[in-house]
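Laboratory data are not the source of any read-out in this text; all were calculated from the coordinates shown. Bear in mind the structure is a predicted one, so any value in this text is a computation, not a measurement. Cβ sites come from the backbone with ideal geometry, for glycine too, and all protein chains shown count toward neighbours.
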Amino acid sequence: MGIKYESVVPWGRSYPEYVDMFNLTPPDLNKPILSCGDGPASFNSSMNQKGKTVVSIDPVYRLSRTEIENRIAETSKIVMAQTKKNQDKFVWSGIGSVEELFKIRIESMKEFLSDYEAGKHAKRYITAELPFLPFKSDEFDLALSSHFLFLYTENLSLEFHLKSIDEMLRVSKEVRIFPLLDMNATTSTYVNPVIDGFSRKGYDVETVRVNYEFQKGGNLMLKIIK
C-alpha cells in the first residue's frame with residue numbers, strides 16, 4: 001500500500017523541524033527568508049516572535065482563518081489515516097507514535113492560526129504560488145521549500161519543478177529543498193534531472209545530509225546557490 005493525495009494538503013510543521021530540515025544556522029536565521037508553500041506551518045510565527053524576517057507564500061492564504069481551520073480539520077483525518085496505514089515508511093524515534101505526531105502537528109497549526117491575521121496584515125503571509133512569485137529579483141537571501149517540491153512528484157511535473165526552482169533562484173541567492181523523497185519515501189525521479197539541469201546552468205548544487213529524518217531515508221536536502 002502507498003500514500004497518495006489527489007492534491008496538496010495543508011499540513012504544518014514546527015520551527016525546530018524547519019531548523020533541522022534545512023540545516024539553518026544562526027547566521028542563516030538572520031537572513032531575509034522566503035518560504036514557499038508554507039501552508040499552516042508555525043515557522044513564520046516563531047521567527048517573527050524572535051524578531052527575524054520570513055515571508056511565506058501559499059495559495060491557501062487566499063482563505064480566511066476560519067476557512068483554513070476547517071480545511072485543516074478535513075484533511076487531518078485523511079493524512080492521519082494514510083499515516084497509520086503506512087507506518088512502516090516513517091522513523092518513529094523522535095516522534096514516537098501517530099498520536100504524538102498528530103499532537104505536534106495540531107499544536108504547530110494552532111500557532112499558525114493564532115498568528116495568521118496579524119501576519120496577513122504585516123504581509124508575512126502572501127497569497128501566491130510557484131512557479132510565479134510576486135517579488136523583485138534578489139529580494140531574499142534564502143528561499144525554502146518544505147514538503148512540496150519533490151514530495152508531490154505524482155501531482156506536479158518535472159517542468160513545474162524546473163520553472164519553480166528557476167523562479168526561487170530569481171528572487172533569492174540560495175534555494176534549499178527538503179525532502180528529496182516522494183510521498184512513498186522513494187527518491188523523487190526529478191532529483192537527478194534537477195541537479196543536472198542547474199549544474200549545467202552554472203549553479204553550485206549539492207545534496208546535504210541533515211539532522212532530521214521522519215520519512216525513512218528522508219534526511220537529505222538539496223541546496224542550490226547562485
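A compact table of results
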| item | result |
| --- | --- |
| Options Leu180, Leu169; residue that is within 23 Å of Leu220 (Cβ to Cβ), without any contact (Cβ under 8 Å) to a residue 60 or more places away in the chain and within 13 Å of the chain's Cα centre (by Cα) | Leu180 |
| Flag if Ile106 is within 28 Å of Asn219 (Cα to Cα) and not acidic (Asp, Glu) | yes |
| Condition met for Leu130 (of a type outside the set (Phe, Trp, Tyr) and in contact (Cβ under 8 Å) with a residue 24 or more places away in the chain) | yes |
| Flag for Leu181 being surrounded by 19 or more Cβ atoms within 10 Å (Cβ to Cβ) and within 16 Å of Ile225 (Cα to Cα) | no |
| Segments classed as strands (runs of 3 or more DSSP E), wholly inside region 150-226, with at least 3 members that are farther than 20 Å from Ser35 by Cβ | 204-209 |
| Region 52-78 residues that are free of Cβ contacts under 8 Å to residues at least 24 places away in the same chain, paired with ones that are assigned to a helix (DSSP H, G or I) and crowded, with 17+ Cβ neighbours inside 10 Å (beta carbon under 6 Å, 6 or more apart) | Lys52/Leu29 |
| Residue list for region 22-70, filter: part of a loop (DSSP other than H, G, I, E, B) and among the β-branched types (Val, Ile, Thr) | Thr25, Thr53 |
| Gly119 being of a type in the set (Gly, Ala, Ser), assigned to a loop (DSSP other than H, G, I, E, B) and touching a residue at least 40 places away in the same chain (Cβ under 8 Å) | no |
| Among (1) of a type in the set (A, V, I, L, M); (2) outside any loop (DSSP other than H, G, I, E, B); (3) closer than 21 Å to Val208 by Cβ; (4) touching a residue at least 24 places away in the same chain (Cβ under 8 Å) - the single one Val19 does not satisfy | (4) |
| Any pair with Cβ under 8 angstrom, 6 or more apart, that starts in region 186-214 at a residue that is in contact (Cβ under 8 Å) with a residue 12 or more places away in the chain and ends at one that is hydroxyl-bearing (Ser, Thr, Tyr) | Ser188/Thr153; Thr189/Thr153; Tyr190/Thr153; Ile195/Thr207; Val205/Ser199 |
| Any hit, region 86-94, residues being within 15 Å of the chain's Cα centre (by Cα), charged (D, E, K, R) and under 21 Å from Glu213 (Cα atoms) | no |
| Looking only at region 147-176, and only at residues there that are surrounded by 18 or more Cβ atoms within 10 Å (Cβ to Cβ) and charged (D, E, K, R), the one that is nearest to Ser188 (Cα to Cα) | Arg176 |
| Those residues of region 35-72 which are within 14 Å of Phe140 (Cα to Cα) and within 11 Å of the chain's Cα centre (by Cα), in sequence order | Ser35, Cys36, Ser56, Ile57 |
| Selection from region 87-112 of residues that are surrounded by 15 or more Cβ atoms within 10 Å (Cβ to Cβ), among the hydrophobic types (A, V, I, L, M, F, W, C) and farther than 19 Å from Thr75 by Cα | Phe90, Val91, Ile95 |
